[in-house]
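Okay, structure first, notes after.
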Amino acid sequence: MINGLGTKTSCPVCKKQRNLQMDRVVSDRGGAFVVYNRCPHCQSAFLATISESRERGLLVVETLTDLSYQEALAVLGKRPLVADALLEIYETLYKS
């Protein structure tokens, strides 16, 4: 766990306490971590991006998700979409 980040927080969905020590790392790129956590009470799942910088300190952005941990690994493990692939999708959809 990154220094300064507590181990407990309340779930924004059910407001009950959840344990951040249960987080599982999904991705670790460029100094930022994406972690997966599920509330033990309401079973809501969250992906949190955690990064640290000297200028801004600790930054945590958490998103409610319907993905399982395995699905999050699969989605975040893919290569980024490049402009040529996006253009090809657009042309395929709008040429017909």
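The values are calculated or read from the model by the stated rules, or taken from the named source; none is laboratory data. The shown structure was predicted, so the numbers you read here are calculated from the model rather than taken from an experiment. Neighbour counts run over all protein chains shown; Cβ positions are idealised from the backbone, glycine included.
Quick rundown of the values:
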quantity	calculated
Output for region 32-78, where each listed residue is of a type in the set (Asp, Glu) and in a loop (DSSP other than H, G, I, E, B)	GLU55, ASP66
Top-ranked residue of region 1-31 - restricted to ones that are in a strand (DSSP E or B) and loosely packed, with under 14 Cβ neighbours inside 10 Å, ranked as modelled with the highest pLDDT	GLN17
All positions within region 71-85 that are basic (Lys, Arg) and farther than 23 Å from ALA45 by Cα	ARG79
Selected residue [exposed (fewer than 10 other Cβ atoms within 10 Å of the Cβ), in a helix (DSSP H, G or I) and either aliphatic (A, V, I, L, M) or modelled with pLDDT under 90 (or both)] from LEU93, LEU81	LEU93
Tally, over region 42-79, of residues that are over 16 Å from ALA32 (Cα atoms) and not hydrophobic (A, V, I, L, M, F, W, C)	10
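Each row is one residue, and each column tells you yes or no for (1) of a type in the set (Phe, Trp, Tyr); (2) within 10 Å of the chain's Cα centre (by Cα).
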residue: ARG18; (1), (2): no, no
residue: TYR36; (1), (2): yes, yes
residue: LEU58; (1), (2): no, no
residue: VAL61; (1), (2): no, yes
residue: ASP66; (1), (2): no, no
residue: LEU93; (1), (2): no, no
